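Data block below; observations after.
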Amino acid sequence: MDVNLAEFIRRTILKIPMYEMMTILKAWDFLSENQLQKINLRQRKDSVVQDLVLLCEEKRASLDDVALLDIVYTQVHRHQKVWDVFQMSKGPEEDVDLFDMERFKSSFKKILQRTLKNVTVTFRDAEENAVWIRLAWGTQNKKPNQYKPTYVLYYPQTPYAFTSSSPKSTEPLLGQNFENHNSSTALQERSLGLHMNMDSRIIHENAVEKERVQRVTQETFGDYPQPQLEFAQYKLETKFRSDLNGGVLAERKEPLRCLIKFSSPHLLEALKSLAPAGIADAPLSPLLTCIPSKGMNYFKIRDK
């Protein structure tokens, strides 16, 4: 296997938390069930990564295969990125009701590669007929940098697409596929990668649930702008609890201690938009909704 490809595989797998490893590998759908059963997740992560690199080499993984794994990881952790909202441009003679996904993929790839020789484009179909696009940028003289890609999530039933941050030099290239929409997008929309004012032709299948979520959100946060807060921090001390097969963590006597940080240009408004956007269930955890009601900047949460 090429050394650069092996390193790309290694660094991609290293990003995946151990507790998500098997879930993401199964969603990747590249390794066989027999190969997955050979993976020993009880060993050190470096050893797990090395075993997976060897399995990928055994199955002759390609650059596109590893890019798909990176997309799967990004799908799971998409809320950690900052996204911009774009609106698809449409010619006056184009049919608004018909959409050919394969034609879109082919056109998207040809336009980019016609302008920039060194760019890799990888597609992964998602639920609700959406498509994820991964773009690794190079220059006319340098190969694409696989470690600083741009991700695009596009729903063909709407005119909107969501893109992660990309180099300034590549924005005109993306502009040939997307037309910039609403440059003054609200901060919470940019931080969550969501556009709340979707096409009026889109009908929510569960209107009752939508109304309940909106009502609970209003009861929790009120019907007024939230105080502007950019940072919240929790010290968490907990023990692993499970009735399923015990495991290494279940045998640990010492509690797990960690520091959890939330940051955003407008944290409370971002939290307020989670449930209506479908990212979290309503109501939100009291650990998050209690922030505005606290009369002090420091408080403790004890596990009963």
| remark: Residue hits (segment 221-240; among the hydroxyl-bearing types (Ser, Thr, Tyr) and touching a residue at least 12 places away in the same chain (Cβ under 8 Å)) are 234, 238
| segment 136-165, subset modelled with pLDDT of 75 or more, outside any strand (DSSP E or B) and polar (S, T, N, Q), residue surrounded by the most Cβ atoms within 10 Å (Cβ to Cβ) | 146
| field | Residue in segment 15-39 that is surrounded by the fewest Cβ atoms within 10 Å (Cβ to Cβ), counting only those that are outside any loop (DSSP other than H, G, I, E, B) and among the aliphatic types (A, V, I, L, M) | value | 18
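Let's see how each residue does on (1) surrounded by 12 or more Cβ atoms within 10 Å (Cβ to Cβ); (2) acidic (Asp, Glu); (3) modelled with pLDDT of 80 or more:
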| site | (1), (2), (3) |
| --- | --- |
| 221 | yes, no, yes |
| 236 | yes, no, yes |
| 242 | no, no, no |
| 249 | yes, no, no |
| 261 | no, no, yes |
| 269 | yes, yes, yes |
| 273 | yes, no, yes |
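Could you please find all residues in segment 102-123 being assigned to a strand (DSSP E or B) and of a type in the set (Val, Ile, Thr)?
119, 120, 121, 122
This table checks each residue for (1) outside any loop (DSSP other than H, G, I, E, B); (2) more than 30 Å from residue 41 (Cβ to Cβ); (3) at pLDDT 85 or above.
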| residue | (1), (2), (3) |
| --- | --- |
| 199 | no, yes, no |
| 210 | yes, yes, no |
| 216 | yes, yes, yes |
| 224 | no, yes, no |
| 227 | no, yes, no |
| 258 | yes, no, yes |
| 277 | no, yes, no |
| 299 | no, yes, no |
| Given the conditions (1) modelled with pLDDT of 95 or more; (2) assigned to a helix (DSSP H, G or I); (3) more than 13 Å from residue 73 (Cα to Cα); (4) not aliphatic (A, V, I, L, M), which single one is not true for residue 12? | (3)
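Is it true that some residue in segment 72-80 is touching a helix residue (DSSP H, G or I) at 6+ places or on another chain (Cβ under 7 Å) and at pLDDT below 95? Give the derivation first.
Pass one, segment 72-80, residues touching a helix residue (DSSP H, G or I) at 6+ places or on another chain (Cβ under 7 Å): 72-73, 76, 79.
Then drop every residue that is not at pLDDT below 95, which leaves 76, 79.
There is at least one residue in segment 72-80 that is touching a helix residue (DSSP H, G or I) at 6+ places or on another chain (Cβ under 7 Å) and at pLDDT below 95.
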| Looking at this structure, is residue 295 closer than 30 Å to residue 43 by Cα, loosely packed, with under 12 Cβ neighbours inside 10 Å and modelled with pLDDT under 80? | no
| If you check every pair at least six apart or on different chains, which have Cβ atoms under 9 Å apart with a residue in segment 147-171 that is of a type in the set (D, E, K, R) first and a residue that is assigned to a strand (DSSP E or B) second? | 148/136; 148/137; 171/180
| message | One residue is enough: does segment 49-69 have a residue meeting the conditions within 24 Å of the chain's Cα centre (by Cα) and more than 25 Å from residue 145 (Cβ to Cβ)? | response | no
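The values are calculated or read from the model by the stated rules, or taken from the named source; none is laboratory data. Bear in mind that the values here come from a model prediction, so they are computed numbers and not experimental data. When we count neighbours, we look across all protein chains shown, and the Cβ atoms used for this are built from the backbone with ideal geometry, even at glycine.
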